[in-house]
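Working notes, beginning with the structure itself.
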Amino acid sequence: MIFTETKIKGAFIIDLELQRDIRGFFARTFCIQEFKAHGLKPTITQCNLSFNYKKGTLRGMHYQKPPSQETKLVRCIQGAIYDVIIDLRLESPSYLSHIGVELTAENRLALYIPDMCAHGFQTLTDETEVTYQMGDFYAPEYASGYRYDDPAFGIEWPLPISEISEKDRAWTLFEQKKIETHRGV
Ligand SMILES: Cc1cn([C@H]2C[C@H](O)[C@@H](COP(=O)(O)OP(=O)(O)O[C@H]3O[C@@H](C)C(=O)[C@@H](O)[C@H]3O)O2)c(=O)[nH]c1=O
């Protein structure tokens with residue numbers, strides 16, 4: 001695997017190293033040793049699959065508060081997504097900045113997301129399938145989120161929103177949460 005750190009500290013784009021032959025190719029998609037060698041947490045507690053009917057569907061921006069340690073390794077296995085993370089770690093040099101990465105079935109890239117980063121994606125094709133490995137269990141009591149269009153982050157999504165859950169439309173704005181919690185998370 002080829003690990004490239006993004007401008008969000010500790011978030012990596014992971015490319016495959018294809019071993020090609022006449023049958024096709026073989027590629028490693030996860031390896032505890034390689035993850036550790038690059039400083040990534042290798043824990044996997046849960047693996048999820050997300051299927052989306054329509055192009056333009058948006059899910060996010062989600063994170064789990066401590067003590068949850070929810071790293072994610074996201075990969076699109078059918079269609080294409082625009083995958084976005086926001087750094088919510090107060091002590092991080094990239095605090096409150098975000099990145100967007102196109103993950104497609106064709107480019108086979110994965111995005112490793114450190115814990116305390118909000119995550120979301122928009123589908124760029126119909127019938128998009130996304131798989132992700134989680135570093136901690138789903139814990140609704142620690143689950144939280146921000147709105148995809150929160151002006152505090154200014155994320156530019158590639159398409160108009162075609163589908164979004166009621167929950168994701170209704171997250172509290174960052175500025176409001178900051179007043180309520182003194183740190184915005
Ligand atoms: C995330 C999750 C949801 N659920 C349930 C809750 C609900 O009934 C149903 C759908 O949940 P949601 O609407 O939260 O699903 P969704 O909006 O797809 O949530 C996901 O979004 C992306 C962007 C992420 O980063 C993920 O970590 C996760 O938060 O599945 C679980 O049982 N286990 C899980 O791990």
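All of the numbers you see were taken from the coordinates with simple rules; none came from a lab. Everything numeric in this text was worked out from a predicted model, so none of it was measured. Here Cβ is always computed from backbone atoms with ideal geometry, including for glycine, and neighbour counts include all displayed protein chains.
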Practice item. Counting residues in the chain as N, plug N into 2.2 N^0.38 Å and put the Cα Rg over that result. Key: 1.02
Study note, to complete from the structure: Excluding residues fewer than 8 positions from Lys41 in its own chain, the aspartates and glutamates with Cα under 16 Å of it are Glu5, Glu70, Asp115, Asp136
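Which net charge results for the neighbourhood of Phe26, defined as the other residues with beta-carbon distances under 14 angstrom from its beta-carbon, given Lys and Arg at +1 and Asp and Glu at -1? If you can, show how the numbers build up before the last one.
Details: positive: Arg20, Arg23, Arg28, Arg108; negative: Glu17, Asp21.
Spelling it out: positives minus negatives among the neighbours equals +2.
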**Study point:** Total formal charge among the other residues, if their Cβ is under 12 angstrom from that of Gln176, Lys/Arg +1 and Asp/Glu -1
**Key:** 0
Study note, to complete from the structure: Excluding residues fewer than 8 positions from Lys178 in its own chain, the aspartates and glutamates with Cα under 17 Å of it are Asp87, Glu91, Asp149, Asp150
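So if a site counts as exposed when it's one of the GluC sites (Glu not before Pro), its DSSP state isn't H, G, I, E or B, and it has at most 16 other Cβ atoms within 10 Å, what's the longest stretch of the chain without one? Please report the intermediate quantities before stating the final value.
Numbers: sites that count: Glu17, Glu91, Glu106, Glu127, Glu141, Glu156, Glu163.
No qualifying site falls inside 18-90, the longest such stretch.
Under a Cβ-Cβ cut-off of 10 Å, what is the net charge of the residues other than Ser50 that fall near it, where Lys and Arg count +1 and Asp and Glu count -1? Intermediate results must be reported in sequence, preceding the final value.
On the way: positive: Arg59; negative: Glu129.
In short, 0.
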Review point. Region 102-157 to region 1-74: how many Å between their Cα centroids?
Key: 11
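Sort out the exposed loop trypsin sites (Lys or Arg not before Pro) in the chain (DSSP loop, at most 11 other Cβ within 10 Å) and tell me the longest stretch that has none.
Working: sites that count: Lys7, Arg23, Arg28, Arg183.
Excluding the exposed sites themselves, the longest stretch runs over 29-182.
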Review point. Based on the alpha-carbon gyration tensor of region 1-95 and its eigenvalue square roots a ≥ b ≥ c, which shape applies: rounded if a/c is under 1.5, prolate if not and a/b is larger than b/c, or oblate?
Key: oblate
Review point. So if we plug the beta-carbon distance of Lys65 and Glu166 into 1/(1 + (r/R0)^6) with R0 = 25 Å, what FRET efficiency do we get, rounded to 0.05?
Key: 0.70
